[in-house]
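K.L.:
Have a look at this one before I ask anything.
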Amino acid sequence: MKTVESLGSSLLASLEQTGRTFLLLLIIAYRIVQPPYNLYPIVRQIYFIGARSLGVIVISGVTIGMVLGLQFYNTLERFGSVDILGSAVALSVLRELGPVMTALMVVGRAGSAICAELGIMRISEQVDALECMAINPDKFLVAPKLLAGIISVPLLTCVFSVVAIFGGYFVGVVLFGVSEGSYLNGMIDAVVWSDVRLGLVKSLIFGLLVTLICCSKGFYIHLTKSGSLGAEGVSYVTTDAVVISSIAVLFSDFLIGAIL
């Protein structure tokens, strides 16, 4: 019975957290359209989430593009089809790996920091202080992060895709001697607008999911068991936010691909 009770308690806690996250999204959507409008916090969060993630995005994009170029070349060479190396790398990056890997990199670098920041502000009663000063904490703290994530992740995905394609170009053309014309022309012939659109739609949804989950976990830390543990509780919530965000990205990637 204790095992059943524990499972039921965990399920109810998960359902409550999911409901709070969805309600937070509705509240933010309502608050955003209400004045006053202040762009500086949004720009500041775009710099934090987007510009400061650019280095890790470029490095991971080049590395993954080179790995794709190497693996696809070894496979296609067996069938005498190395001419389609460019299209294979480009389609893999644009449709799947670009949006997914960008979102996972953002979760690890910025999502964890967002969750920890909001969690510390909540347990140190800074959020309560904002409410006492008649400042709406969800609009002041959460809305800029949410909008910045929606804007930054698609832009980072574009950067990731470009550098990954050139990483595959370096391996295929420079290292293995694949014809430059066949690599580029095959990519141009194979990639259509629907492939690019699918990647952009995925990145937009991933940016929303990542920032929303991380913000919700930190903002509502006081409603969970971890809220009574102080700094240790913040570390637990941050870990949960990273894990849940990563799982949500991977699962939603399947759903979006199946639907679109």
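The values are calculated or read from the model by the stated rules, or taken from the named source; none is laboratory data. Quick caveat, the model's predicted, so the values are computed rather than measured. Here the Cβ is made from the backbone with ideal geometry for all residues, glycine too, and neighbour counts use every protein chain on show.
K.L.:
With farther than 30 Å from residue 209 by Cβ and crowded, with 23+ Cβ neighbours inside 10 Å as the only criterion, which of 70, 85 stands out? Write out each step before concluding.
P.N.:
Working: 70 fails: crowded, with 23+ Cβ neighbours inside 10 Å.
Matching residue, one of 70, 85: 85.
K.L.:
Which one of these does residue 185 not meet: (1) under 24 Å from residue 59 (Cβ atoms); (2) over 24 Å from the mean Cα position of the chain (by Cα)?
P.N.:
The failed condition is (1).
K.L.:
Take the conditions closer than 28 Å to residue 256 by Cα, out of contact with any Leu (no Cβ under 9 Å at 6 or more places or on another chain) and part of a helix (DSSP H, G or I) and apply them to residue 106. Does it pass? Walk me through it before giving the result.
P.N.:
Numbers: closer than 28 Å to residue 256 by Cα: yes; out of contact with any Leu (no Cβ under 9 Å at 6 or more places or on another chain): no; part of a helix (DSSP H, G or I): yes.
Taking the combined requirement at face value, the residue does not satisfy it.
Conditions tested, residue by residue: (1) closer than 29 Å to residue 138 by Cβ; (2) touching a residue at least 24 places away in the same chain (Cβ under 8 Å).
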residue	(1), (2)
9	yes, no
13	yes, yes
22	yes, no
33	yes, no
52	yes, yes
73	no, yes
79	no, no
89	no, yes
98	no, yes
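K.L.:
Please determine, by comparing only the residues of segment 154-194 that are of a type in the set (Ser, Thr, Tyr) and in a helix (DSSP H, G or I), which one is farthest from residue 93 (Cα to Cα).
P.N.:
Filtering segment 154-194 down to residues of a type in the set (Ser, Thr, Tyr) leaves 157, 161, 169, 179, 182-183, 194.
Filter again for in a helix (DSSP H, G or I), leaving 157, 161, 169, 182-183, 194.
Values: 157: 10, 161: 6, 169: 13, 182: 18, 183: 15, 194: 14 Å.
Going through the qualifying residues, I end up with 182.
K.L.:
Exactly one condition in (1) over 22 Å from residue 252 (Cβ atoms); (2) at pLDDT 90 or above; (3) buried (at least 17 other Cβ atoms within 10 Å of the Cβ) is not met by residue 122; state its number.
P.N.:
The number of the failed condition is (2).
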